[in-house]
Amino acid sequence: MDTSTENEVSGGKRLISAVAFLFLGVAVVSTVGFTLHSVSADSQKKAYATVNGTATVNGATLKHAFINESVFPDDATARANQVNRTNSHPWPFYTEEHLVLPAHSLITMTLKVYDSGEQLNTNYFAKVVGTVDNTMTVDGQQVSSLDPTGVQHTFTLHGLPTSTQDPLFVNVPLPKMSDAEMTANKYRTVVFSFVTGGAGDYVWNCEYPCGDGTYAKFGAVMGQNGYMSGKVSVVNG
């Protein structure tokens, strides 16, 4: 075979191999990118606070927004109250996973709570902290704390210390239901208000040890998003 022809054939093979390798590389990168995007995507359902009028807090006029939550001991109790959410574990859960709140606003949150409880690990979380006047109402009665042995869960909202967003900390203990009340499908209504600062990303979680026997009862459900923890986004607009 002519040397020049042989070189052309070899060059052609190398070109074909290079093109094939390029397409393979693009396919691999695309697949990895799609996979990483899917894994990192925010899969949590968002619940948006609804602005309705204004309120005056410490002399400042703020937007007044409202949002509702419920806390159930299991799926069966939730379904009995027309809340359909099939969980993969028979764990207690908050109905809303990712709360979206307006910035520089008064937020009034209402929770219907259906679960039992025992003893907190730390009595601090039996106090109402970070709300307007550091109080909440339980079935219409204003209180500033609960008996540490009478808490079913807490709603604790916080963020990491940072210079890029305003601090925000709220702790509200939720009163436990007796076994008889749970059997009768009764609940307590807890209402509290707090003020948001600028836009930022925060988390909420429960500080009552309602997990399994690991990590001082802070295992299992306690570390699972959408059950006893989730996100809070404070947004402009």
With touching a Gly at 6+ places or on another chain (Cβ under 9 Å), surrounded by 21 or more Cβ atoms within 10 Å (Cβ to Cβ) and hydrophobic (A, V, I, L, M, F, W, C) as the only criterion, which of Phe93, Phe155 stands out? Phe93
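Of these, Tyr187, Tyr215, Tyr208, which one is out of contact with any Ser or Thr (no Cβ under 6 Å at 6 or more places or on another chain), modelled with pLDDT under 95 and aromatic (Phe, Trp, Tyr)?
Numbers: Tyr187 fails: modelled with pLDDT under 95; Tyr208 fails: out of contact with any Ser or Thr (no Cβ under 6 Å at 6 or more places or on another chain).
After ruling out the rest, the residue left standing is Tyr215.
What do you reckon, is Ser116 assigned to a loop (DSSP other than H, G, I, E, B) and not β-branched (Val, Ile, Thr)?
Yes.
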All but one of (1) out of contact with any Gly (no Cβ under 9 Å at 6 or more places or on another chain); (2) crowded, with 16+ Cβ neighbours inside 10 Å; (3) within 16 Å of Lys186 (Cβ to Cβ) hold for Val83, so report the exception by its number. (2)
For the stretch 111-138, what are the residues that are over 24 Å from Phe66 (Cα atoms) and in contact with a helix residue (DSSP H, G or I) (Cβ under 7 Å, 6 or more places away or on another chain)? Ser116, Leu120
Which one of these is modelled with pLDDT of 90 or more, surrounded by 14 or more Cβ atoms within 10 Å (Cβ to Cβ) and touching a Leu at 6+ places or on another chain (Cβ under 6 Å): Ala49, Ala65? Ala49
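The values are calculated or read from the model by the stated rules, or taken from the named source; none is laboratory data. Everything numeric in this text was worked out from a predicted model, so none of it was measured. Cβ sites come from the backbone with ideal geometry, for glycine too, and all protein chains shown count toward neighbours.
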